[in-house]
Structure formats: C-alpha cells, structure tokens
2 protein chains.
Amino acid sequence: MTAQGTAKDALFAHDAGTAALDQVMMRLHWDQETVMPRGAADQRAEEIAALETVIHARRMDPRLADWLAEAEPADAAEAARIRWIAEDHGRAVRLPADLAAELARMSSLGQGRWVEARKAEDVAGFLPVLERIVALQREAGAAMAAGGDAYDALLAGYEPDITAAEIAEIFGRMRPRLVDLKDRVLASGRQVAELKGPFDTAAQLALTARVAQRFGYDMDHGRIDLAVHPFSSGSGADVRITTRVDEADPLGCLYSTIHETGHAAYEQHVDPAYRLTRLGKGVSMGVHESQSRIYENQLGRGRAFCGWLFGEMQTEFGDIGVPDADAFYAAVNRVHRGFIRTESDELHYNLHIMMRFDLERALIAGDLAVGDLEAAWNDRFEADFGVPVPAPSKGMLQDVHWSAGLFGYFPTYSLGNVYAGCLFAAMKADLPGLEGELASGDLGPATAWLAEKVQRHGASKRPRTVIEEATGTGVTEGPLLDYLEAKFGALYGV
Amino acid sequence: MTAQGTAKDALFAHDAGTAALDQVMMRLHWDQETVMPRGAADQRAEEIAALETVIHARRMDPRLADWLAEAEPADAAEAARIRWIAEDHGRAVRLPADLAAELARMSSLGQGRWVEARKAEDVAGFLPVLERIVALQREAGAAMAAGGDAYDALLAGYEPDITAAEIAEIFGRMRPRLVDLKDRVLASGRQVAELKGPFDTAAQLALTARVAQRFGYDMDHGRIDLAVHPFSSGSGADVRITTRVDEADPLGCLYSTIHETGHAAYEQHVDPAYRLTRLGKGVSMGVHESQSRIYENQLGRGRAFCGWLFGEMQTEFGDIGVPDADAFYAAVNRVHRGFIRTESDELHYNLHIMMRFDLERALIAGDLAVGDLEAAWNDRFEADFGVPVPAPSKGMLQDVHWSAGLFGYFPTYSLGNVYAGCLFAAMKADLPGLEGELASGDLGPATAWLAEKVQRHGASKRPRTVIEEATGTGVTEGPLLDYLEAKFGALYGV
C-alpha cells in the first residue's frame, strides 16, 4: 500500500491519465486534418511534440516497474490491463531515448520528403531519407526485440501475438488461390458498366451520413467532416470520422465512410467500463481492420445491401447509369487492374499487401538494400499484377507508411481481411435472416453481432482470442478465400 | 551547466513545453464549445483534467527552483520570461496540492450548480456551493499571498502588479462622474430608434467576417465559428474566435465579433520570437480587455466607423429601420437601463463591474457573508441603477465567474476600459488622420498602432509598463471619462 492506496490503484490511476492524454492527442490530429487554420502547421507540430513527450515520459515512468511488480489483478480484465501496461512500458524503456527522438524526427521529416518526392517522381531524392529510416527501424526493432526478431518486434506494435513467419504462412496459402481467381476474372473479358453522374456533393454527404447511421454510427458521440484522407479518430464517447466527396464518383465517399464507420463503431462500442483505460480501445490494427473491412466489403458490398442501396441511390440521384440492382452490385465490385492500393478491389488489395510485407521484411532483415527497392517493387508488381509500373508515384512512392516509419503495419490490413472472413462466416451461421435484413437496409442484427462478439471487448482480450471466441474456430484464411471465390466467381461467371 | 546545457537552457526548454501544452488546452476548450459531439462532455472533462494535472505538475516541478536560481538573463525579454516563470512557479507551490484539487473540483461542480440555479431562480440551492467556493478562494488567496492580502493574491492571477486598493481608488474617482453622466443621459428623455430586421443570418456572418478582417483578424491563423458564448482562444499561429447570430439583432453578432477580434489580434500580433514561450501571449486580463474594448467601443462604436458601417449594413440588408448614419450611430450607442452586464452600454458597464468588485472583495475579506450576498447585490443594484432586481437570474446569478471560482477577475474588465481610454487618447494624438480613415472603414493605421505599441510585446513587459510606454503617461481614469462624457454628452445633448 502506498499513501494513496495499493500499487494497483496507483498503476491504474496512472494508466487512466495516459489514456486520457492519448485521447487529447487524437483531438489534435483530428483538428489538424479538418479545421486547423492553414498557417498553424508549424505551431501544431510543436504542440503535438510537447504532448508526445509527456505521453512517452509517462510510458517510461520508472514507478511503473514497481507498481507492475506488486499489482494483483482481481479478474481477467484487470490482468489484461496490467499486461498491456507492462508491454507498453517494456517497449518504451527498451528503446533508447536518443533513438526514440531520432525516430520521431525522421518520421516527421520523412513524410515531408515523401510528399515532395511523390510529386516530383523523384525516387533518388527520397532514398537517402528512406535509408536512414530503415536503419533506425532496424535498430528500434532490434532494441525492442531484446534478442528476438526485429521485424516481429515492429509488427507487435500494431498486431501483438503473431509472428511474421505465421503471417507469411497464411499469406503463402492465400496467394495461389487469389492469383488464380484474379487471373480467371480478368480473363473472363466480362465488361462491367460504371455509374454515370454527376452526383451532387451535398446529396452524397446526406446519403452517406444516413448510411453511416444505419451501420450504427452514433452521431451523439461522433461527427462526420471532410478531410483530404478519410480516417477515424478517438475512442469511447468521442469518435469522429472524415470523408471526401468526388462529384463523379459517389462510391468513393460512400464506401470510405462505411469503412471508417467500421473503425468508429468498434471504438464506440467498447464496454464503457473500459473507457479511458488501456482496455478502452480497439485491441490491434488487424482486429480494427477486420471491423472496417467487414462493414465495407462483406456487408456493404454484398448483393443484399447493394439492392437496398441501389434504391436509395435512385431516389437521391435519379438515373445513375446502371439499369438495375444487379448491375449496380457489379459496378460496386468491379475488378480492374490498377496501380494504387487504396483504389484496388477486394482481390487485388491483398496482393498489394503481400508484396509490401515481403519487401519491408527483406528491408528490415537486411536482405534487400534500400537502393534496390524500386527494382524489387517494379519486378514484383509486374509479376503479380501483369502490368509494368509507369511511374514511382504509382509504385513504391504511393504509400505514406514507410516514410512515416510504419514498418510492420502493412500486413495487418490483410490480416484484418482474414479475420473479417472468419467473422463473416460465423455471423452468417448465427444469423439465418441476415440476407433478408441486409436487403432491406437493416444492418442492426449484423452490427449488433459484431458489437457483442468483438467490439465491446476492446483490449480486454488478446487479438487472437477475440477472433477465436467470436468465431469458435482458429484464425484461417479459408473463409475469406471461399467468400471471394464464391462472390467473384458468380459475378464474373468463372 | 547541466548535461543538456545551462540552467537557463533547461528552464526555457521546460517553459516552451508548458507553453505548448497550454495551447493544447486551448484547442480542447475551443473544440468543446464548437464541434464536440454532445455525448462527449463527461469524457472531455476527464481529458481536460488529465492535461491540467500535467500542466500543474510542470509548474510545480522542483527542478524549476534550481534552474531559476542559476539562470542568467541575457536581455530584458529573458529577464521578463524568467520572472514570469518564477511567479507562476511560486503561486503553484504555495497552493497546497489538496487545496488545488478541491478548487478544481468545486469550480467544475459550481458551474453545473450555477446553470441549474439560474434556470430555477434558486439562490438558496446555490448558496451552499458558493459558500464552499468562497471559503476555498479565501484559503487559496491567503496561501498564495504568503502573509499579504488574500484578494490581492487572487487578483494577481489575472492582473499582476496592481492592488485592490489601487483599483478601488481609480473606481472611486470614476464612480461619481459615471453616475452623474448616466443620470443626465437617462433624464434627457431622448428616444433612440432601434434597428428593424429581420437580418439574414448568413448575411450577418458574411458581413461580420469582413469586418473582423478589416480589424486585422488573420484568417490564415484563425477561424470564426458559432458558439453559445463568443470567445477568443489560443495564441500565436492559431487564434480562433466564435460568435453568435440573432436574426433580430445584427449588432450583437457584429460587436461581439469586433470585441473578440481585439482579443485575437492581440494574440496574433505578439512578436513571433516569443511564440510558445511564457512571453507569447497577452500580458494580463486588463491589457487584453483594453484591446477588445478599444476595438469594440472607441473604434467600432465611434461615429466615424459607424458611418462606414451604416453603408455596409444598407448594402447587405436594405432598409434597416434607421434613416441615416447619425441615427445608426445613436442606435449602436443607445443607453438603457438593464440588468445584464454583458448587454449593458458603455456607461452602465463599469457600474456593473464596480458593484461586483466591491461585493467580491467583501466576500473574500469576510466582511460580507455569502448568505447576505443577494440582499447586498439587490440593494446596491437599485441604488446604482435605479430599478429593483426582478429575479436572481437578472441579479446575482447572472454571471458564471463566482461559480467557477474566478474571484479577482471582474475588476480587470473596467481596468481594461481605463487602459483603453488612455490608449485611445494617445492614438488620436499620434494619428491625426484617424477620423478620416475610420470613416472610410480603414482600420489599418489604428490597429497597426495598437500592434506596435501594445500587442507585439506580448508578456515581455509588465502590464502597467506596456500601457505607460504606449501612452507616455501613467494609468489614469481621466481619458476614459473625458471620452465618455464627450461622446454621450453629444449623443444625448447633456
């Protein structure tokens, strides 16, 4: 017992403060991307750096080690909370202070250089900073791994409890079936009509807000704003999403919002008892992505919901250039060769991810030199996608992740797809009326199932446990591939 | 020298972090009043409390005492910075931790109770919490005063370097002249036409934004949003203002925005070299209010500018119910008996403040019991304003300040008016073309004069020094009273 109570009391009070400051950081980032005056960027960087320094110092707080040694959990949730605090603390203290500062500095610098390089199609100008970032990431991974694998240690920052080797096995089994399906679809020669607009932006935003609320987005504890890149931000009682509108393409606004609604609903549905604690947020990037993907793809791009949405689109916009719900469904799910990950369909998306995963693993392992990255990217892309990369902005310069030092992040996207495949199979088994509900635009039972099985747990269970308990099976790529083969096989008659 | 450099380096780095976190707090408050989802209030309170705890701990940091003892200023600005840091630190450490926590708790609780009490006209229900707040404020004042006067110590949190006795002397000299002028104006029987609308809210906001920019508000480093209470928030590169719109009354939106523009311009014009340091903000509440008041009253409500504004109003709204610029000027400056401080004219405003100053001083001194406050308020109001208070919401429950524990704040409003009077006299002497410029809607020379003489200094000079150097004279109430007597004497023919 300390003067204030037990070690556990002190530990949890400290954690609650850190969780609240994490939320403050979310507000700053949201503000920066939505409403910040344009001349405030430099000052905002200082504000964020000051808060980041405070939060980092809290995670390093030497008192944590003593409290952690003494804290006795009363139940499984408390045990989970103590374990997360210990893991965060361990990762923080294993990272030398000067390395942490240099990582932060280079992440900020790197993103700026990346923006310039992408604009100028200038790989050579970007390589020196990328070289430095990769070196720092290798060093950081090695420090946090404490004898283990450096890439695994980086990966654990986004998806704990899984190794790169395990992911490589899953991806290895996915790849041949995906490539085969994609090749058959593209070889089918079937042409898919595209939507024809223009689509009034105000009407798009109104429809999108209605759809988000159908997917369970709670506007009393959130809001929807415009931003250059759609994102979800915050946890608990304040979870905001952003979207973007293109008058020629209503599907971009709609589906990016449904995707962000999946992320946001996860945060909004975490058990309020966990709010402002280490348990009060999504448990991992992979599980987070499983929610955004199942909202967007299995539910939002499914035939049943597309039938309802086609009617809404006609009511909102009149003639949209496709004659019926089947044609609309085909347009929503059009498979096409393309260079950009964020614009790719459900089939090509995972090939994008696998490629990045292999390349960044090789970079961190030292098996691929930064100077050889562009050639490696372009060779692999042409092999997987069947077309040569025409320019770096459509190739290795397209994503922000590496410039921001986010090594280990990419595979969680496809892991999320795999989790979503498992969850959707289990959901369908549990909800026999699902198709009819979706066809009438009723997402209630589906999103309630996810809230109950996944979202409410927050970080109180480990990522894999959440998926295993929700599905009653282990994590496997089978359901995702079965779903993709059935869906796109039918759509393209292959 | 420490490992990182001199004590001064360490001190200033620490101060820069604190200043940046102060700005983060500003963002949270802005967000709360403008865009926060309505269900996020409880969580936001926790976020703010966590950040406040961090900032308070920084001000208490025991290393500050060592650094302060060793730091050698290189120039006057550094000396000022070190002195402010020392003062903030001194006030923080003299306040016992449990008292600080209780003050924060009661301030939050008190505001909630005040909202309920004002709505229910329930003084009795509010008195217990006010009693507790007054007791805590007395205790806090005594602790910070360290043997000096408790009220002076509270006052110093808003306006350093002046005592309540000095303010009482100034107010004592102002009061008879103000009362006499107000009585003569009301006895004149002159009727003033009021504006007739409706005034389209979008047009009001567009005109208001144009006017704010004429007053020098920089939209690249700020923005204007709607909120229940108009306010200005932030320093340096991110200074936001809010406004409110009433379709029946365009003057409320216009003049509250001009007022907030004065506050915001002060913050925007502080020398960028002081940004994110203890010097990078307005030096005191009184000097701050001098800027908002001179923008709003001496400039914005002056005959010259009203002539230009009348033309803009006609262009924007057509017939506004008054025939010419003189009648518009009279409407803008209509003197009327009223109960509410924030709605009062330039004459009655200071009487409101003097009354509150006397009452809160007596409360803190123990010369007035909280249980006797309502009677004291009502007696004094009827004596000063000539009408009895009809209900507590129009009397002692009208202001948030006491419920929030802001004792010592009220007098800075009238002190700001006094400063504004001194500054306007000096400005007129320095700018012989001022009337013509204002008549053409050109605020440039006037606001540039204020930026040069007052605003750019931030907190690098003490409050009184700023005013004395700007005016070349001491701080006296004479110029303000001369201005009011000339203006309202002419308007009402008295």
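Bear in mind that the values in this text are calculations on the coordinates, not laboratory data. Nothing here was measured: the structure is a model prediction, and the numbers come from that model. For neighbour counting, all protein chains shown are included, and Cβ atoms are generated from backbone atoms with ideal geometry for every residue, glycine included.
Side notes on the structure shown:
- For B:Trp114, net neighbour charge (Lys/Arg +1, Asp/Glu -1) across residues whose Cβ lies under 11 Å away: 0
- Summed side-chain charge close to B:Arg293 - residues other than B:Arg293 whose Cβ falls under 14 Å, Lys, Arg +1, Asp, Glu -1: -3
- Peptide-level mean, for B:30-39, of C-beta atoms on other protein chains within 10 Å: 5
- Charge dipole of region B:239-311 (Cα centre as origin; +1 on each Lys and Arg Cβ, -1 on each Asp and Glu Cβ, all else neutral): 280 debye, rounded to the nearest 20.
- Taking the number of Cβ atoms within 10 Å of each Cβ as an exposure proxy, the fewest-first ranking of B:Glu452, B:Glu437 is B:Glu452, B:Glu437.
- For A:45-57, mean number of other protein chain Cβ atoms within 10 Å: 5
- Cα gyration tensor, region B:79-176 - rounded (a/c under 1.5), prolate or oblate: oblate
- Calculated from backbone phi, Karplus (6.51, -1.76, 1.60) coupling profile of region B:101-115 in Hz, x at Gly/Pro: 5, 5, 4, 5, 5, 6, 5, 5, 4, x, 5, x, 5, 5, 4
- Peptide ranges B:242-249, A:351-358, A:216-223 listed from the most packed, as the mean C-beta count within 10 angstrom indicates: A:351-358, A:216-223, B:242-249
- If you take the Cα centroid of region B:67-84 and the Cα centroid of region B:183-232, the two points sit 42 Å apart.
- By the count of other C-beta atoms within 10 Å, a proxy for reagent exposure, A:Ser107, A:Ser403 are ordered fewest to most as A:Ser107, A:Ser403.
- Couplings 3J(HN,Hα) of region A:357-374, computed from phi: 4, 4, 5, 6, 4, 5, 4, 5, 6, x, 7, 10, 7, 4, x, 9, 5, 4 Hz, in residue order, whole Hz [Karplus 6.51 cos²θ - 1.76 cosθ + 1.60, θ = phi - 60°; x for Gly and Pro].
- Separation of the B:Glu194 and B:Glu166 label points, Cα + 7 Å toward Cβ, nm: 4.1
- The tail of the calculated P(r) for region A:7-156 beyond 27 Å holds 37 percent of all Cα-Cα pairs.
- Shielding of A:219-228 by partner chains, average beta-carbon count, 10 Å: 2
- When the square roots of the Cα gyration tensor eigenvalues are ordered a ≥ b ≥ c, the ratio a/c for region B:176-279 is 1.5 or more and a/b does not exceed b/c, which makes its shape oblate.
- Legend: P(r) of region B:118-245 from all alpha carbon pair distances, 5 Å bins from 0, whole percents, reading 2, 7, 8, 9, 8, 11, 19, 18, 12, 4, 1, 0.
- Dipole of region A:402-494 [Lys/Arg +1, Asp/Glu -1 at C-beta], most positive-end residue of A:Tyr419, A:Gly478, A:Gly493: A:Tyr419
- Other residues whose C-beta falls under 13 angstrom from the C-beta of B:Thr465 contribute a net charge of +2, scoring Lys and Arg +1 and Asp and Glu -1.
- Each Lys and Arg adds +1 at its Cβ and each Asp and Glu adds -1 at its Cβ; summed about the Cα centre, the protein assembly as shown shows a dipole of about 20 debye.
- The mean sequence separation of alpha-carbon pairs under 8 Å and at least six residues apart, normalised by the residue count of chain B, gives a relative contact order of 20 percent.
- Region B:159-494 - Rg (one decimal) and Dmax (whole number), Cα, Å: 19.4, 56
- Over 27 Å between alpha carbons, listed pairs B:Lys428/B:Lys461; A:Lys8/A:Lys453; B:Lys182/B:Lys394; B:Lys182/B:Lys428; B:Lys119/B:Lys182; B:Lys8/B:Lys461: A:Lys8/A:Lys453; B:Lys119/B:Lys182
- For A:Ile258, A:Ile55, order by how many other beta-carbon atoms lie within 10 Å, fewest first: A:Ile55, A:Ile258
- Per-pair calculated FRET efficiency, R0 = 45 Å: B:Glu72 and A:Leu127 via Cβ, rounded to 0.05: 0.45
- Stretching the chain fully between A:Ile340 and A:His229 yields a gain of 38.5 nm (0.36 nm per residue, less the alpha carbon separation).
- Estimated vicinal HN-Hα couplings, Hz - region B:220-236 in sequence order (Karplus 6.51, -1.76, 1.60; Gly, Pro = x): 6, 10, x, 7, 10, 10, 8, 8, 5, 10, x, 7, 10, 8, x, 9, x
- A convex hull fitted around the alpha carbon atoms of region B:256-392 yields 159 Å³ per residue.
- Check: region B:159-494 dipole with +1 on Lys, Arg Cβ and -1 on Asp, Glu Cβ, in debye: 360
- Rounded to 0.05, the FRET efficiency of the A:Glu102 and A:Ala145 pair, given R0 = 22 Å and the Cβ-Cβ distance, is 0.75.
- Largest first and in whole Å, the equivalent-ellipsoid semi-axes of the protein assembly as shown read 57, 34, 27, each the square root of five times a Cα gyration tensor eigenvalue.
- Think of it as helices only: each DSSP H run of n ≥ 4 in chain A is worth -39500 (n - 2.57), and spread over all residues that comes to -21000 deg cm²/dmol at 222 nm.
- The amide H of B:Gly458, built 1.01 Å from its N in the peptide plane, has B:Asp271 as neighbours under 5 Å, considering only residues 5 or more places off or on other chains.
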